[in-house]
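Worksheet: one structure, shown below.
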Amino acid sequence: MSLEEILNRRRSVRHFDSEKPIDPEQVKACLKQATLAPTSSNMQLWECYHITDKSMIEKMVPACLGQLAVSSAQQLVVFVTRPDMVKRRAQAALAFEQGNVRRNSPAEKQEKRIRQWELYYRKAMPLWYGRCFGLLGLFRKALVQLIGLFRPVPRQVTEADMRVVVHKSCGLAVQTFMLAMSEAGYDTCPFEGFDSWRVKRLLHLPYTVGINMVVACGIRLPDGVWGDRFRLPFDEVYHQV
């Protein structure tokens, strides 16, 4: 399928066929494709939990407010944010970039570029994403307000702002996954109607994890798509400057 065909095929399916199983390995392959999605500073502060066990899906139904998309799903994928993994993910990114520089940069520029990456991932990222009861966010806000008097700077830097940043990056992975599933001939339904506390308990996730989205997976039934797709007129959302 072309990209346009994939986009047109993807719909939020609310009712799946219980007689048509889907291959968990194919879903896993689509999740691997989702890892190709971009994330802010390449920090990749997200994870996914692929639920294939029927008993676990049954437990997820009440936690997801009894939605038919969940109770009829063949499989579920829970996408979560991991702001608690900042240092670990920064170290992994740094190790990669150090090797990247050595493999691809001229010898005379390698030392400088490696120092820049070390500063970025060892100092800037922990400061940028760090949390301490809102205090680090207030410090960052004051800092950028001062620097912003002299040059352009990112201004959404409070702890609440950075939570949004992490969720946006995770959302890019979710969309990539759903498009990959559509290309594979499978259907999905992303939703935010869930009790995050109960979902965390079922998956034994720490308090610091954020539940970004739950995606139900399966093969659509005719009543699984609620009629024609509604989108605002393009002129209402498109602005050429």
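The values are calculated or read from the model by the stated rules, or taken from the named source; none is laboratory data. This structure is a prediction, so every number in the text was calculated from the model and none was measured. Note that we place each Cβ from the backbone using ideal geometry, even for glycine, and neighbour counts take in every protein chain shown. Each accessible area value is taken on the protein alone, full model and side chains, heavy atoms only, with ligands, DNA and RNA left out. Shrake-Rupley method; radii C 1.70, N 1.55, O 1.52, S 1.80 Å.
Structural remarks
- The residues on offer are ALA90, ALA37, ALA73, and the sole one that is at pLDDT 95 or above, out of contact with any helix residue (DSSP H, G or I) (no Cβ under 6 Å at 6 or more places or on another chain) and of a type in the set (A, V, I, L, M) is ALA73.
- If the condition is being under 21 Å from GLN44 (Cβ atoms), buried (at least 16 other Cβ atoms within 10 Å of the Cβ) and not charged (D, E, K, R), then region 200-227 contributes LEU203, LEU205, VAL209, GLY210, ILE211, ASN212, MET213, VAL214, VAL215.
- Candidates THR176, THR158, filtered to the one that is open to solvent by 30 Å² or more (accessible area, probe 1.4 Å), within 24 Å of LYS28 (Cβ to Cβ) and either at pLDDT 95 or above or of a type outside the set (D, E, K, R) (or both): THR176
- Boolean, PRO206 is in contact (Cβ under 8 Å) with a residue 12 or more places away in the chain and in a loop (DSSP other than H, G, I, E, B): yes
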